[in-house]
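K.L.:
Before we start, here is the structure in question, set down as structure tokens.
Every read-out reported here was derived from the displayed coordinates using simple, explicitly stated rules and does not represent laboratory data. Please read all numbers here as calculations on a predicted model, not as lab measurements. Cβ atoms come from the backbone with ideal geometry, glycine included; neighbour counts cover every protein chain shown.
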Amino acid sequence: MEILLVIIIGLLYAAGIYMMLRRSLVKLIIGLILLGNGANLLIFLLGKIVKGEPPIIGSTEKMLGELYADPVPQALILTAIVISFGLQAFAIILIKRAYKVVKTDDLDEMNATDEDL
Amino acid sequence: MSNPYIVLPVLFQLFVAVILMFAWNRKNLQKLISVVGSLIALLISLALLIKVNQEGIQTMQAGGWIAPFGITFVADTLSALLVVLTATSGLAVSVFSVGSVRNARIKFGYFPIFHLLIMGLSGAFLTGDIFNLYVWFEIIIISSFVLITIGGEKAQLEGAIKYVAMNLLASVVFLTAIAILYGLTGSLNMADLSLQVANVSNRGLVNVTAILFLVGFGIKSAVFPLYFWLPASYHTPPPAISAIFGGLLTKVGVYAMLRVFTLIFIPDDFLTTVITVMALLTILSGGFGALMQNNIRKVFSYLIICHIGFMLAGLGIYSTVAIAGAVFYLVHDIVVKTNLFLVSGVIFKFRGTYSMRLLGGFYKEQPLMSLFMAIPLFSLIGIPPLSGFWGKLLLIEGAMDQSNILMIVFILLGSFLTLFIIAKLWAEVFWKDAQELPKKKYIRYFDELKPLKKQAMLASVVFLSLISLGIGFGAEWVMQLALRIAENLMDPSPYIQAVLGS
């Protein structure tokens, strides 16, 4: 399971960076999304994966049993997912607006910011 | 000891933002609430600084969870000082916005989002939890995304794409670093991490994580190989917005670096060398970049990069004196950079252009205002006794102690480049004879504004100039504060003790 996740995370990071380096705006956003998912899986992996041991204290017990899944990474991932969801939604609307105003999808042609007044 | 009021500067900004949303369509009411709110926020943060100064480091455990399990808020002198500076810049920009921001932008919620941005900045300075720092960073960037695009002009949108892409990338790098750090130590509390990271046996992985943090914060603070988004975007939004960006957003990256590389990762020779080389090249590339520009806002953008290099140099030298220099420079730079972008806004309102070639004759027309504008410009160079001088003095002293000749040469070269650029700018904008410029229809010139708006714009420039003067002439006091902050950064045991208990 760990090995599989390691490979997936590596692929997501590689694909994300590759997509970000393309000139198209849409690919830029896709790259960012892939990178974000890679980071989320990385948190999941590094929080040590434990199978079938939820961190729940039984009604008769006072503390957690011997082996339990760490709940913190899940809280972190949940936060990160919500944040990246909002940011990605904004970024998609931004490229749509930019496409309407600049009328191109090519980053190389977006050089109004370099113009001398 | 848990003191809930240390999050008051954060909560109050949120409160102001919520109140502003209730006054969505009433722009004059919004302006009034924003200015009064910023003023009260400044008083609250000053009270926090005084309290921290008298009683030492204050902490708050959110929800009563004992550290290191819950989220901790920590107000040490550095955090409290930066919160005060944030509130000061916030007040100046809020007053300036009364005069300069267009109604169309106010209708799309300029003021509430501005206060949310200030809230994010205050939160980032006050948190003692590395993942919570990430969350505050996200609050800062989402508010800044809206502010940079609000109005939707062509240049703004293009600048925003570069800004958004790089900042999202920085967030992912930062998140990756947090993930690895959590995997190594199982903790997120910065004070706890400080103890845990020292015990990790896999030093190679610790160094990789440190470099990831350096890259993440490096993008945010625009250091040498990672700064290209800044000059492509900071000159596109209206001057009030670029003032708050230029003054505070890059500095929060510098603060994060100061915190992380003194508390969690104690830099070894390799890391200090990397930081030093980055600092030197940042000074050089920022300085030369500014030389080439004609748009005054682009000149100031490149000067931000150049002067981030000075602060990074303090971290690279890594001695108490040098860190104190970096902290002093941080204090000076926040006030001056905010002011410079406000100055560019005032000049634009008079002339309708940012181009150095077309500008001119400002001194002849507005002699008194020009004098106030000269204060931030000359502080930036570091002419004694203005505020920029003292930070550089400490930095050079720190470099001297380690006989780091290369560093001294670059700091002096950076100052010299700044001198040359500011002299050129002064000659072009203020002393050169004025040219007749064609009036542009879509700009509301200064003369057409109501008296209150005129006064608001000029008052904020004068206010920040006087604070610059205050820092310069009250350097003794600020320097003692900076030295004490540097001592606390170099020896984090009081910080750790305050958070974790004995």
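K.L.:
In Å, what Rg and Dmax follow from the Cα atoms of the range B:408-502?
P.N.:
22.6, 70
K.L.:
What's the exposure ranking of A:Thr60, B:Thr127, going from fewest to most Cβ atoms within 10 Å? If you can, show how the numbers build up before the last one.
P.N.:
On the way: A:Thr60 5, B:Thr127 24.
Ascending number of Cβ neighbours within 10 Å: A:Thr60, B:Thr127.
K.L.:
Here is a follow-up. Report the one residue of B:Asn295, B:Ser122, B:Leu43 whose Cα lies farthest in the direction of the positive end of the charge dipole of chain B (charges on C-beta: Lys and Arg +1, Asp and Glu -1; origin at the Cα centre).
P.N.:
B:Asn295
K.L.:
For a quick check: sort A:Ser84, B:Ser493, B:Ser301 by the number of other beta carbons within 10 angstrom, fewest at the front.
P.N.:
Fewest-to-most ranking of A:Ser84, B:Ser493, B:Ser301: B:Ser493, A:Ser84, B:Ser301.
K.L.:
First select every other residue whose beta carbon is under 13 angstrom from the beta carbon of B:Ala80; then total the charges, Lys and Arg +1, Asp and Glu -1.
P.N.:
Net charge in that neighbourhood comes out at 0.
K.L.:
Among B:Lys27/B:Lys450; B:Lys154/B:Lys450; A:Lys27/B:Lys162; B:Lys298/B:Lys364, which pairs are too far apart, with a Cα-Cα distance over 22 Å?
P.N.:
B:Lys154/B:Lys450; B:Lys298/B:Lys364
K.L.:
Just tell me which lysines come within less than 30 Å, Cα to Cα, of A:Lys51; anything on the same chain fewer than 8 places away is out.
P.N.:
Correct list for A:Lys51: A:Lys62.
K.L.:
Could you pull out every one of the aspartates and glutamates with an alpha carbon less than 12 Å from that of B:Lys251, ignoring same-chain neighbours closer than 8 positions?
P.N.:
B:Lys251 reaches B:Asp333.
K.L.:
Same structure, new question: What aspartates and glutamates sit close enough to B:Lys454 to cross-link, taking a C-alpha to C-alpha distance under 19 Å and skipping anything fewer than 8 places away on the same chain?
P.N.:
Qualifying aspartates and glutamates at Cα under 19 Å: B:Glu365.
K.L.:
Roughly how many debye, to the nearest 20, is the charge dipole of the range A:5-74 about its Cα centre, given +1 on each Lys and Arg Cβ, -1 on each Asp and Glu Cβ, and no other charges?
P.N.:
520 debye
K.L.:
On to the next question. Quantify how strongly other chains surround peptide A:45-57 by giving the mean number of their Cβ atoms within 10 Å of each of its Cβ atoms.
P.N.:
Taking all residues of A:45-57 together, the mean is 1.
K.L.:
Another one. Treating only the Cβ of Lys, Arg, Asp and Glu as charged (+1, +1, -1, -1), what charge dipole size does the range A:25-117 show about its Cα centre? Round to the nearest 20 debye.
P.N.:
440 debye
K.L.:
Charges at C-beta only: +1 for Lys and Arg, -1 for Asp and Glu. How large is the resulting dipole of chain B about its Cα centre, in Debye rounded to 20?
P.N.:
In total the dipole reaches around 2200 debye.
K.L.:
Of B:Gly159, B:Val206, B:Met257, which is farthest along the charge dipole of the range B:145-280 in the positive direction, counting Lys and Arg as +1 and Asp and Glu as -1 at C-beta?
P.N.:
Toward the positive end, the furthest listed residue is B:Gly159.
K.L.:
Beyond 24 Å, what percent of the Cα pairs of the range B:326-448 remain?
P.N.:
In whole percent, the share of Cα-Cα pairs in the range B:326-448 beyond 24 Å is 37.
K.L.:
Output the direction-averaged projected area (hull surface divided by four) of the convex hull of the alpha-carbon atoms of the protein assembly as shown, in nm².
P.N.:
Projected over every direction and averaged, the Cα hull of the protein assembly as shown covers 27.8 nm².
K.L.:
Counting other C-beta atoms within 10 Å, which of B:Tyr234, B:Tyr442, B:Tyr363 has the fewest, and how do the rest follow?
P.N.:
Ordered by Cβ neighbours within 10 Å, fewest first: B:Tyr442, B:Tyr363, B:Tyr234.
K.L.:
Rounded to the nearest 0.05, what FRET efficiency do A:Lys100 and A:Arg22 give with R0 = 30 Å and r taken as the Cβ-Cβ distance? Could you check?
P.N.:
Efficiency, rounded to the nearest 0.05: 0.90.
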